[in-house]
1. Quickly work out the K47-to-F243 label distance, labels modelled 7 Å from Cα along the C-beta direction, and quote it in nm with one decimal.
2. Restricting everything to alpha-carbon atoms, can you work out Rg to Rh for the chain with a Kirkwood hydrodynamic radius?
3. Please give the contour-minus-distance gain from D101 to M215: 0.36 nm per residue of separation, less the Cα-Cα distance, rounded to one decimal in nm.
4. Taking 32 Å as the cut-off for C-alpha to C-alpha distance, list the pairs among K5/K95; K36/K210; K40/K235; K94/K210 that go past it.
5. Can you give the accessible area per residue of the chain, in Å², using a 1.4 Å probe?
6. Per the 1.4 Å probe, what fraction of the accessible area of the chain, in percent, lies on carbon and sulfur atoms?
7. Could you work out the percent of alpha carbon pairs in region 78-122 separated by over 17 Å, rounded to a whole number?
8. Below 20 Å, Cα to Cα, which aspartates and glutamates can K22 reach? Residues fewer than 8 away in the same chain don't count.
Amino acid sequence: MSKQKVAIITGAGRGIGAATAKLFARNGYAVCINYKSDEKSASQVAKSISADGGQCITVQADVSFESDVERLFTTVDKVLGTVTVLVNNAGILKKQSRLEDMTAERINSILTNNVTSYFLCCREAVKRMSTQRDGSGGVIVNVSSAAARSGSPNEYIDYAASKGAIDTLTKGLSLEVAAEGIRVNCVRPGLIYTDMHADGGEPERIERLKHVIPMQRGGQSGEVAEAIYWLACEKSSFSTGNFLDLAGGL
Ligand code: NAP
């Protein structure tokens, strides 16, 4: 019997994470839907997966906290089995602001939620996947952003810089574990229709900006999920340390 495929998707209660969790479940993965605070949305994602005959659990964990990340992974070990795919997706942004108005509290919050969290989840995944530690290998897909390339001036340089750090994490870790059966890749979405833009203070942000996108439209969560899935599945088996830009040409 082949080994159970187990995917942990962080921040999977809504948006790109929810679409990714549903896609992995449709492809036979047992899925862990991680969420931070919105239990209701995470349960709805789980309900939809179960209704389609998929296997999943929801686990509340703030992935910026080390002890929460450890609990997330040990829960998955016990309930679903050893993780084979980690999708680092959870992320936040704050209200649009110029740099001179940013407080240390805000900057640190962005960095712990968007960067420390990815490092901690990668650490726990590598401990379980590495063939040097008796693991059977696995795949990590990090969700960065086109902001890592644009820098997001006048909106959120802190967020953009946090995504730049994810690109560097992806490159470094992919090389560190390439010979240990672990592939590490990254997607960089552009403007995607999710509730995240409302958190930045401008729910209609994509409508304002879509004329600058060569394809003249925003993207859908499902389009990002498909790319994440491809980077995680066997079809991309010789790909590591790579970046897939999903930004309509931006
Ligand atoms: P979203 O709709 O705001 O969803 C993000 C999810 O992350 C939320 O459900 C939230 O959980 C969860 N989360 C945040 N901090 C967390 C933490 N510390 N621990 C656990 N969960 C946490 O965002 P999205 O647009 O789908 O974005 C997903 C990823 O894509 C993010 O990394 C984002 O930076 C990236 N991205 C998005 C866009 C875009 O245009 N939307 C573009 C480029 C990149 P709760 O609801 O439970 O609090």
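The values are calculated or read from the model by the stated rules, or taken from the named source; none is laboratory data. The shown structure was predicted, so the numbers you read here are calculated from the model rather than taken from an experiment. Methodologically, a virtual Cβ is constructed for each residue, glycine included, from the backbone with ideal geometry; neighbour enumeration extends over all protein chains shown. Just the protein is used for accessible areas: all its heavy atoms, side chains included, with ligands, DNA and RNA removed. Shrake-Rupley method; radii C 1.70, N 1.55, O 1.52, S 1.80 Å.
1. The answer from the label model is 4.0 nm.
2. Values: Rg = 17.2 Å, Rh = 18.1 Å.
Reported Rg/Rh, Kirkwood definition of Rh: 0.95.
3. 37.7 nm
4. K5/K95; K40/K235
5. That works out to 46 Å² for each residue.
6. Values: 6060 of 11510 Å².
On the chain, the fraction of accessible area on carbon and sulfur atoms equals 53 percent.
7. Of all Cα-Cα pairs in region 78-122, 47 percent lie more than 17 Å apart.
8. Of all the aspartates and glutamates, those that pass the test against K22 - Cα under 20 Å, at least 8 places apart if same chain - are D38, E39, D52, D195, E223, E226, E234.
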